[in-house]
1. Return the Rg/Rh ratio of region 103-217 with Cα-based radii and a Kirkwood Rh.
2. Would you mind ranking Glu310, Glu356 so that the residue whose beta carbon has the fewest other beta carbons within 10 Å leads the list?
3. Please compute the Cα-Cα pair-distance distribution of region 141-363 with 5 Å bins starting at 0, giving whole percents from short to long.
4. For region 132-140, what does the Karplus curve 6.51 cos²θ - 1.76 cosθ + 1.60, with θ = phi - 60°, yield as ³J(HN,Hα) per residue in whole Hz, taken in order and with x for Gly and Pro?
5. For the chain, modelled as a GNM with alpha-carbon contacts under 10 angstrom, which of Glu34, Glu67, Glu207 fluctuates the most?
6. State the extension gain, in nm to one decimal, for the chain segment bounded by Tyr84 and Lys244, taking 0.36 nm per residue of separation less the distance between their alpha-carbons.
7. For region 1-46, state which trypsin sites (Lys or Arg not before Pro) are in a DSSP loop and have at most 16 other beta carbons lying within 10 Å of their beta carbon.
8. Compute the angle between helix 71-86 and the longest alpha-carbon principal axis of the chain, please, reported from 0 to 90 degrees and rounded to the nearest 10.
Amino acid sequence: MSLQSIKYSRGSLEILDQLLLPGQSKYVVVRGVEDGWKVINKMQVRGAPAIAIVGCLSLAVEINPEEFGSKKSLRQEIEGKLNYLVSARPTAVNMKIAADELITLANELDKDETVAVSEMKQRFLKATEAMLEKDIADNRAIGAHGAKAIMQRVAEAGGAPAASSGAVRVLTHCNTGSLATAGYGTALGVVRQLAELGKLEHVYCTETRPYNQGARLTAYELVHEKFPATLVLDSMVAALLRAKNVAAVVVGADRVASNGDTANKIGTYQIAVVAKHHGVPFYVAAPLTSIDLAIPSGDHIIIEERPDREMTHVGEHRIAAPGINCWNPAFDVTPASLITGIITERGVFKPAELKEAITKLLES
Ligand code: MRU
């Protein structure tokens, strides 16, 4: 069984507090949008898909017991609150895309004269709840496409980086697993699929300073799953790729621009540079809800900057010299030229073919 970051049933939402992991497994009750905004902003829940799901479900639990006098008042509530939730963290696009889709649905239902206000609310709740199952199904498909692409790439390269069993060593960054999604995971879903196929010789995960998603969360998931796994510090990636015959790097995404430039956890860009130097393929695994076709390149992505304290302290203990200035961007942008393939639930695309392929898929 994989770890469950989100527990939901109609009218009730709880999230596993990721600030306390791995020391404590404690669920926090999310009673409505204000709680939803806070748990996302404080990173008690994090990871682009999980942010979107928790944001939307926090609105679902808020409006579930409410009576609305008119469809217009329900529509206004949905629109206002979803736009507010988008502001909790700016870089990941999933919450914005989910908000836009749900606002479009609310507008359509408001205009449809055959739909009463009670039915409009029910249909909105159902659409929100459907995100949970869809995310898990998408992640499974990402896992299958990604594992196949990596194995194919290894075979084409003459099997050189693989172990004698045909199993491979991969490197991942940050946390993209069950904790960052509704379940299974994106990049970690690819790792999970390799393991299910008996093709995972070893997975390396980075510490992911300063918030330590790798050391605290990914390592926790990998130990939980009993995968053969090793933690490395962020500063060890070049040495690791030189020494350990890693077949591929696979990371997640917070926002992929239409040219394939990808915003992901800080440190991703330097891993991609090092992977290029060592001839190691570099894959981004992300659902279509992380792809922002509205922006032409990564230059248009707003990078969240977080408090200095994440860098200067470990827990309550200060590790940095008092008085030093800090720069703490939570994400960086990896240029498309460093990316081998973008693994989605609908297949693996080269960055240059992404826009056309996704546009076609969305139209079909
Ligand atoms: O700041 P975080 O922990 O929310 O950042 C998470 C990442 O960068 C993940 O790689 C990304 O959201 C994909 S999660 C499936």
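Every number in this text was worked out from the coordinates using simple rules, so none of it is lab data. Quick caveat, the model's predicted, so the values are computed rather than measured. In this analysis, Cβ positions are derived from the backbone assuming ideal geometry, glycine residues included, and neighbour counts consider all displayed protein chains.
1. Ratio of gyration radius to Kirkwood radius for region 103-217: 1.21.
2. Details: Glu310 16, Glu356 11.
Least to most surrounded, the residues fall as Glu356, Glu310.
3. Computed distribution, short to long bins: 1, 7, 15, 19, 20, 16, 10, 6, 3, 1, 0.
4. Computed from phi, the couplings for region 132-140 are 4, 5, 4, 4, 5, 4, 4, 5, 4 Hz.
5. Glu67
6. Answer, rounded to one decimal: 53.0 nm.
7. Sparse-neighbourhood loop trypsin sites (Lys or Arg not before Pro): Arg10, Lys26, Arg31, Lys42.
8. Taking the Cα atoms of the chain, the angle to 71-86 is about 30 degrees.
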